[in-house]
Amino acid sequence: MSDAELIGRLFKVGIGYLDSRDFAAAERYFKEVLSIKPRSIPTLGNLAIAQWEQEKYIDVEITARK
C-alpha cells in the first residue's frame, strides 16, 4: 500500500469518527496522517475541530499555527 493510499484510508476513518462525535478517536487518526504528511491542510483543519470539541484549546492554537 502506498503512502497516499494509507493516508486516504486513515483520513476517512478519522472523518468517520468526527462525524460520529468520537473526537478522541478522530484526533488519533488525524495525528497518524500527520505523522506521514505533516503539512496536510485538510487534516490539520479536522484535527483542530476534534481538539476544539474536546476543549483542548491550547492544542487547537498549536494546530492552527501549523
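The values are calculated or read from the model by the stated rules, or taken from the named source; none is laboratory data. Because the structure is predicted, anything quoted here is derived from the model rather than measured. Backbone-built Cβ (ideal geometry, glycine too); neighbour counts: all protein chains shown. In case anyone asks, the SASA skips ligands and DNA or RNA and just uses the protein heavy atoms, side chains included. Shrake-Rupley method; radii C 1.70, N 1.55, O 1.52, S 1.80 Å.
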Notebook entry, point to check: Which residues, counting only those in the stretch 17-27, are in a helix (DSSP H, G or I) and over 11 Å from the mean Cα position of the chain (by Cα)?
Noted result: D19
Next item on the list: All but one of (1) open to solvent by 30 Å² or more (accessible area, probe 1.4 Å); (2) of a type in the set (V, I, T); (3) touching a helix residue (DSSP H, G or I) at 6+ places or on another chain (Cβ under 9 Å) hold for I41, so report the exception by its number.
Entry: (3)
